[in-house]
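Shown next, in C-alpha cells, is the structure this report addresses.
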Amino acid sequence: MAVRLPGQPGYDAATAVFNLTAPPTPAAAVVVSTVDEIREALEYARSFRLGVRVHTTGHASPTQRPMSSALLLKVRPSGPVEVDASRRVARVPAGTLWGAVAEAAAPFGLAAPHGSSGTVGVVGYLLRGGMSYYGRQLGVATNLVRAVELVTADGSLVRASAAENPELFWAIRGGGGGFGVVTSIEVELFPAAKVITGSAFWAGEHAPELLREWLRWSEDAPWEATTSLQIMNLPDLPEIPEVLRSGPVLSVDGAVLAVTEDGVPLAQAQADELLGRLRSVAEPVMDSWALTKPSAVLEAHMDPEDPVPIAGDHLLLTDLDSAGASEFLRVVGPGSGSPFISAGMRQLGGAYSVADPGGGALSSFAGRFAYSGAGLVVDDSSSAAVEEHCSVVRSALAPWDSGWTVPSFVENWRQPQRHLSDSSVGRVDAVRALVDPDGVFAGDVSPGASAGGLAGGSVGDTPVF
Ligand SMILES: Cc1cc2nc3c(=O)[nH]c(=O)nc-3n(C[C@H](O)[C@H](O)[C@H](O)COP(=O)(O)OP(=O)(O)OC[C@H]3O[C@@H](n4cnc5c(N)ncnc54)[C@H](O)[C@@H]3O)c2cc1C
C-alpha cells in the first residue's frame, strides 16, 4: 500500500475523477483493493488524525465536501464479478463498474439494475439509491441489494444483510454513506430476454408538442417502460453526429423490458405506443430505438465516457402540468438562451413510488419526474452562466418542486438536499454512531443525511474531515 502525498508521483492517479470541475485535494490518497490494504489505510489515517473518504470513480466528486484533512481511498476491484445464476445474485467486488456486471450477467439471460452509463461505480450508485431504466418495473435499485461487506472505522470486516446486522443493512441502503469502506456488494439480477431501447432525436422546433405528448403518455404509461426526455444543445465536436449539432434537439430515450421471449410482443406494442405518438408529431432526425439485447440499454442515453467539466442542478418534481411544461420550455427550451448542454427529466412513478417493506432507508422516490440540467464549464464565464441558470430554473420550477431529492442525481454538495424523512435521519445517525463513533467517515456523509449539522462542518463535537 503506497500512500501518495500532494506532488508525489501517483497522487494525481489516486485522486483522478470523472467531473473535471471538482478535482479533490485530499491530504493524502491511496489506491486499495484488499481488506488488509484498507485496514492499513485506516491505520495510517488514524496515526495522522485524518478523516477517511472513499471513491470508486469520483463520478460524484462535486457532491463531496472539500477533503483537505482526509485520506482518500480509491477502491479497485479485488477480483471479478461472480454470478450465482441459480439465486440470480451477482457478488460484485467494490471498485467494479456497472459495465462489468452487465457483461457477467448477460450469458445467463440476466440483467442488472444499472443506470444509463456502464462507467458508473456499482457501490456509489447503489448506496445512493440508483435510478435505472428498469426502475419503473423494479423500483429503486438499492432495493435489490442482498448483502454488503464493509470495513468499519475500527478495521472490522462486517457483513450486513437481512439476517446479519439488519439495522446497518437498512441504513446503508440509501442512508447517505459514512459507514465504512465497502469491499463487496451482492445485488439481485433479473431475467431479461430482450429490451426495446434507444434514443430518438427531433429538431428543437417540435419541442412543445413532443413534450406535451410525452407527458400525456407518462400519465398512465406501463411500468415496463422507463424513459427520459432531454433538450440538448450539443457542442460542435466531430464525435457528435452532425445532425445533432445544428441547433437544439429534443431526445426521448429509455427502455421497455421483456422478461421472457413470450413478453416481447407486449413490450414491442408498449414501445410502439410511445414512439408512434412521438413520431407522428414529426419525423426524428435520428432514431436508434430497436428490439435488442439488454446490454444496449447502457448506450441509449449516450452518456460521455471520458471525464468532462460539467456543473448542474437537480430537482424532484411532483408532477409537470401544462403550466409546468411551459415554464420548463421557457427556461431550457429552444430559444431560451439556456447555457445547458442538456436539461431534462427521468420518468419516475411505477415501482419507483412503492416503498419496499424489506428495503432500506431510501426505498422509493416521492416525485413523478427527476429533473436535471447541466452545462459545460470551461472558464469563469461559463461557470457563472451555468450557476446563474441553475437558479433561474429552480425559481421557474419551484411550484412543481417536491423539495425532495434523489441522492445519485444531486449535482453539488452545496445544493439543497432531502432524501430521507426526519425519523429515518435519526435512525441512520444512530447506526453511524455505533459503527463510526469517532466520525472518521463523517465527511463521506451526504449533506442532509445526518441530524448532526454536517453542513456547518461538525457532527456534535466531532469535526468533519
Ligand atoms: C455519466 C453518468 C451517468 C449517470 N447515470 C446515472 C443513472 O442513470 N442513474 C443514477 O441513479 N445515477 C446516475 N449517475 C450518478 C451516479 O450514480 C452517482 O454519481 C454515483 O454516486 C457514482 O458512484 P461512483 O462510485 O461511481 O462515484 P464516486 O464519486 O466514486 O462515489 C460516490 C460516493 O459513493 C461512496 N462510495 C463509493 N465507493 C465506495 C466504497 N467502496 N465504499 C464506501 N463508499 C463508497 C462514497 O460516499 C462516495 O463519495 C450518473 C453519473 C454519471 C457521471
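The values are calculated or read from the model by the stated rules, or taken from the named source; none is laboratory data. Keep in mind the model is a prediction, meaning the values are calculated, not measured. Note that each Cβ is placed from the backbone with ideal geometry, even for glycine, and that neighbours are counted across all protein chains shown. Surface accessibility is based on the protein's heavy atoms, side chains included, excluding ligands, DNA and RNA. Shrake-Rupley method; radii C 1.70, N 1.55, O 1.52, S 1.80 Å.
Go through the range 131-153 and give me each residue that's within 18 Å of the chain's Cα centre (by Cα) and away from the ligand (no atom under 12 Å from the Cβ). Talk me through it step by step, then tell me what you get.
If we filter the range 131-153 for residues that are within 18 Å of the chain's Cα centre (by Cα), which is where we start, we get 131-145.
Arg136, Gln137, Leu138, Gly139, Asn143, Leu144, Val145 - these are the residues of the range 131-153 that are within 18 Å of the chain's Cα centre (by Cα) and away from the ligand (no atom under 12 Å from the Cβ).
Taking the criterion of being out of contact with any Pro (no Cβ under 7 Å at 6 or more places or on another chain) and surrounded by fewer than 20 Cβ atoms within 10 Å (Cβ to Cβ), would at least one residue in the range 198-205 satisfy it? Within the range 198-205, one or more residues are out of contact with any Pro (no Cβ under 7 Å at 6 or more places or on another chain) and surrounded by fewer than 20 Cβ atoms within 10 Å (Cβ to Cβ). Per the listing Ala203, Ala192, the residue uniquely within 30 Å of Val332 (Cα to Cα), modelled with pLDDT of 95 or more, of a type in the set (Gly, Ala, Ser) and in contact with a Gly (Cβ under 8 Å, 6 or more places away or on another chain) is Ala203. Contact map, the range 170-195: residues that are farther than 18 Å from Asp444 by Cα paired with residues that are assigned to a helix (DSSP H, G or I) and within 9 Å of the ligand (Cβ to nearest atom), Cβ distance under 7 Å, separation 6+ or inter-chain. Pairs shown: Ile185/Val122; Ile185/Val123; Ile185/Leu126; Val187/Leu126.
Which of the residues that make up the range 2-19 are part of a loop (DSSP other than H, G, I, E, B) and buried (at least 16 other Cβ atoms within 10 Å of the Cβ)? I'd like the intermediate steps shown before the answer.
Of the range 2-19, the ones part of a loop (DSSP other than H, G, I, E, B) are 2-3, 5-10, 15-18.
Hits for the range 2-19 are Val3, Thr15, Ala16, Val17, Phe18.
Does the range 212-221 contain any residue that is within 16 Å of the ligand (Cβ to nearest atom) and not in a helix (DSSP H, G or I)? No: zero hits. Is it the case that the range 347-356 has a residue that's outside any strand (DSSP E or B) and buried (at least 22 other Cβ atoms within 10 Å of the Cβ)? Yes: the range 347-356 contains one or more residues that are outside any strand (DSSP E or B) and buried (at least 22 other Cβ atoms within 10 Å of the Cβ). If Lys194 passes every condition in (1) more than 16 Å from the ligand (Cβ to nearest atom); (2) under 24 Å from Leu317 (Cβ atoms); (3) open to solvent by 10 Å² or more (accessible area, probe 1.4 Å) but one, which one does it miss? Lys194 satisfies every listed condition except (2). Against the list (1) in contact (Cβ under 8 Å) with a residue 12 or more places away in the chain; (2) outside any strand (DSSP E or B), the condition Leu150 fails is (2). Every condition in (1) over 14 Å from Arg173 (Cα atoms); (2) open to solvent by 10 Å² or more (accessible area, probe 1.4 Å) is met by Gly124 except one, and the failing one is (1).
Conditions (1) under 20 Å from the mean Cα position of the chain (by Cα); (2) among the aromatic types (Phe, Trp, Tyr); (3) modelled with pLDDT under 95, marked per residue:
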{"position": "Met1", "(1), (2), (3)": "no, no, yes"}
{"position": "Leu5", "(1), (2), (3)": "no, no, no"}
{"position": "Thr25", "(1), (2), (3)": "no, no, no"}
{"position": "Ile38", "(1), (2), (3)": "no, no, no"}
{"position": "Val89", "(1), (2), (3)": "no, no, no"}
{"position": "Pro107", "(1), (2), (3)": "no, no, no"}
{"position": "Pro113", "(1), (2), (3)": "yes, no, no"}
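For the range 419-427, state whether one or more residues are hydroxyl-bearing (Ser, Thr, Tyr), buried (at least 21 other Cβ atoms within 10 Å of the Cβ) and part of a loop (DSSP other than H, G, I, E, B).
Within the range 419-427, the subset hydroxyl-bearing (Ser, Thr, Tyr) is 421, 423-424.
Then keep just the ones that are buried (at least 21 other Cβ atoms within 10 Å of the Cβ); that gives none.
No: zero hits.
The residues on offer are Ser446, Ser450, and the sole one that is modelled with pLDDT under 95, in contact with an Asp or Glu (Cβ under 7 Å, 6 or more places away or on another chain) and polar (S, T, N, Q) is Ser450. Determine whether Glu164 is assigned to a loop (DSSP other than H, G, I, E, B) and either over 20 Å from the mean Cα position of the chain (by Cα) or free of Cβ contacts under 8 Å to residues at least 12 places away in the same chain (or both). For Glu164, the condition - assigned to a loop (DSSP other than H, G, I, E, B) and either over 20 Å from the mean Cα position of the chain (by Cα) or free of Cβ contacts under 8 Å to residues at least 12 places away in the same chain (or both) - is met.
Got a sec? Which of Pro416, Pro437 is open to solvent by 20 Å² or more (accessible area, probe 1.4 Å), more than 16 Å from the ligand (Cβ to nearest atom) and within 25 Å of Gly344 (Cβ to Cβ)? Steps first, please.
Working: Pro437 fails: within 25 Å of Gly344 (Cβ to Cβ).
Going through Pro416, Pro437 in turn, just one is open to solvent by 20 Å² or more (accessible area, probe 1.4 Å), more than 16 Å from the ligand (Cβ to nearest atom) and within 25 Å of Gly344 (Cβ to Cβ): Pro416.
For the range 387-402, check the following and say yes or no: at least one residue is acidic (Asp, Glu), in contact with a helix residue (DSSP H, G or I) (Cβ under 9 Å, 6 or more places away or on another chain) and surrounded by 17 or more Cβ atoms within 10 Å (Cβ to Cβ). Let's see the steps before the verdict.
Residues of the range 387-402 acidic (Asp, Glu): 387-388, 401.
Now narrow it down to the ones that are in contact with a helix residue (DSSP H, G or I) (Cβ under 9 Å, 6 or more places away or on another chain): 401.
Then drop every residue that is not surrounded by 17 or more Cβ atoms within 10 Å (Cβ to Cβ), which leaves 401.
Yes; the residues of the range 387-402 include at least one that is acidic (Asp, Glu), in contact with a helix residue (DSSP H, G or I) (Cβ under 9 Å, 6 or more places away or on another chain) and surrounded by 17 or more Cβ atoms within 10 Å (Cβ to Cβ).
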